[in-house]
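Below is one structure, written out as structure tokens; comments come after it.
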């Protein structure tokens, strides 16, 4: 049964790959120049963001090696990509709740990295202003506040479960500036990282 399932999965993967088209120089130039004349002729997907767009999309150009070409929007969806919030390649608007869910998923997976509102807007194919406003309306806090809260939660866990230095913990959760990490931690938690560790360290 497992062998049959694996064969089925391989067949699906092959079927999906077969509907992809080659990224020609002509199509690549259409993407780079947001050429609306190519809208409806092909759709392009970006492997690193799992988003697909019209050629005319005004989002930041992706890296060429991450681009996949599809002859229809439906085939891009079948390939596991979701429609861009900005250019709406399916003609339908992605619900804000679903869109912000994708943004928060990205933050959870990349909170250790340097994240800015501009970067999040680029990866989600939106403007910083629209992302900020929609994120706060859906989540009740801004993207920056969500990132900060997530990092502090992970820092609290590391303070209790490890003997790493405060600076190392700050770096591990995405805050390489130690004074800033300590200040933010105190604002969010009510005490310094060192005090929190003394209060909650197991075995103390």
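Quick one: 25, 145, fewest Cβ neighbours within 10 Å first, how do they rank?
Working: 25 7, 145 14.
Going from sparsest to densest Cβ surroundings: 25, 145.
If you project the alpha carbons of the range 95-204 onto their three principal axes, what span does each projection cover, largest first, in Å?
Rounded to whole Å, the extents work out to 49, 22, 20 Å.
What does the convex hull of the Cα atoms come to per residue for the chain, in Å³?
Numbers: hull volume 34.9 nm³, N = 204.
Here the figure is 171 Å³ per residue.
Add -39500 (n - 2.57) for each DSSP H run of 4 or more in the chain, then divide by its residues: what number comes out at 222 nm, to the nearest 500 deg cm²/dmol?
That comes out to -16500 deg cm²/dmol.
Going by average Cβ density within 10 Å per residue, which order do the peptides 104-110, 30-36, 170-176 take, highest to lowest?
Details: 104-110: 14.3, 30-36: 16.4, 170-176: 18.9.
The packing order, highest mean first, is 170-176, 30-36, 104-110.
Taking the number of other C-beta atoms within 10 Å as the exposure measure, put 125, 114 in order starting with the fewest.
Values: 125 23, 114 8.
Going from sparsest to densest Cβ surroundings: 114, 125.
Each value in this text was obtained by applying a stated rule to the coordinates, not by laboratory testing. On a predicted model such as this, the values are computed, not experimentally measured, just so you know. Don't worry about glycine lacking a Cβ; one is built from the backbone with ideal geometry, like all the others, and counts go over all protein chains shown.
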